[in-house]
Amino acid sequence: MIYVPENFNAKEKNTCLMALIYVLNLSSPKQKAKKEYMALQMKALNISEDKYNEKQQTYKMEEVIKSLKRLDDIRIQRYIIREMIMLAVADHDIGDNEIRDIYQIAEAIGVSGEKVGDFFIWAAKGIEWQLEGIQLIEEDL
């Protein structure tokens, strides 16, 4: 099975949305890039804007952890942790509270700190790749 939101059941989609809303609310003020990333994820989850607005609230870390623990597949849990990180770095800036909270959530559901670190490194490589692409376009002009 390929782990993409289109294949998620309703519980997995709702948990993913909850986790992303949690991360989105950690950054203040909400950055444009993070809102855009959130919109892409909602589309991938096949969640309408009305459904998102209905769920748009502030979740507590304990609620996110509880919801993630209810998921049976560690791969989906890891996918959601990865997407939380992607949202946190979408604006190429991540705060200490975002890093700390993602590590705490991951640890609480049994995802190792080492794995979370790997996800952060992977995300950083993606940002580096994007910035290098921009530089390739703009250099020597």
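Values in this text are rule-based calculations from the coordinates and carry no lab data. From a predicted model like this one, the values you see are computed outputs, not experimental measurements. In this analysis, Cβ positions are derived from the backbone assuming ideal geometry, glycine residues included, and neighbour counts consider all displayed protein chains.
Just from its helices, what would the mean residue ellipticity at 222 nm be for the chain, if runs of 4 or more DSSP H residues each count -39500 (n - 2.57) and the sum is divided by every residue, rounded to the nearest 500 deg cm²/dmol? It would help to have the intermediate numbers written out before the result.
Working: 7 runs with 100 residues, N = 141.
Helix contribution divided over all residues of the chain: -23000 deg cm²/dmol.
If you rank 82, 70, 75 by fewest surrounding Cβ atoms within 10 Å, what's the result?
75, 70, 82
Report, in degrees rounded to the nearest 10, the 0 to 90 angle that the Cα long axis of helix 96-108 makes with the longest principal axis of the chain.
On a 0 to 90 degree scale, this one is about 40.
Between residue 39 and residue 72, what FRET efficiency comes out of the Förster formula 1/(1 + (r/R0)^6) with R0 = 35 Å and r the beta carbon distance, rounded to 0.05?
Result of the calculation: an efficiency of 0.80.
If packing is taken as the average number of other Cβ atoms within 10 Å across a peptide's residues, how do 120-129, 36-45, 106-115 rank, most packed first? Each step should come with its number before you reach the end.
Details: 120-129: 12.8, 36-45: 16.5, 106-115: 14.8.
Final packing ranking: 36-45, 106-115, 120-129.
When a/c reaches 1.5 or more, the comparison of a/b and b/c decides; with that in mind, is region 47-123 rounded, prolate or oblate per its Cα gyration tensor?
oblate
For the chain, with only Lys/Arg (+1) and Asp/Glu (-1) charged at the beta-carbon, what is the dipole magnitude about the Cα centre, in debye rounded to 20?
740
How much net charge surrounds residue 125 when only other residues with a Cβ under 14 Å from its Cβ are counted (Lys, Arg +1; Asp, Glu -1)?
Charge balance near residue 125 sits at -2.
Of 32/115; 13/125; 35/66; 13/43, which sit over 18 Å apart, Cα to Cα?
Those over the limit are 32/115; 13/125; 35/66.
For the chain, what log10 I(q)/I(0) values come out of the Debye formula at q = 0.14 1/Å, with one point per alpha carbon and no solvent?
-0.64
Quick check on the exposure proxy: order 60, 13, 35 from fewest to most C-beta atoms within 10 angstrom.
Details: 60 9, 13 19, 35 14.
By the 10 Å Cβ count, ascending: 60, 35, 13.
Express in nm, to one decimal, how much length is gained between residue 31 and residue 128 on full extension, taking 0.36 nm for each residue of separation and deducting their alpha carbon distance. Walk me through the numbers on the way to the answer.
Values: separation 97, 0.36 × 97 = 34.92 nm, distance 1.93 nm.
Result: 33.0 nm gained on full extension.
In degrees between 0 and 90, to the nearest 10, how far off the longest principal axis of the chain does helix 32-44 point, with axes built from Cα atoms?
For 32-44 against the chain, the angle is about 50 degrees.
Rounded to two decimals, what ratio of Rg to Rh does region 85-141 give with C-alpha atoms and a Kirkwood Rh?
A ratio of 1.13.
Can you find, among 121, 21, 38, the residue farthest towards the positive end of the dipole of the chain? Put +1 on the C-beta of Lys and Arg, -1 on that of Asp and Glu.
Working it through, the farthest residue towards the positive pole turns out to be 21.
Which angle between 0 and 90 degrees, to the nearest 10, do you get for helix 113-138 versus the longest principal axis of the chain when only C-alpha atoms count?
Roughly 30 degrees, rounded to the nearest 10.
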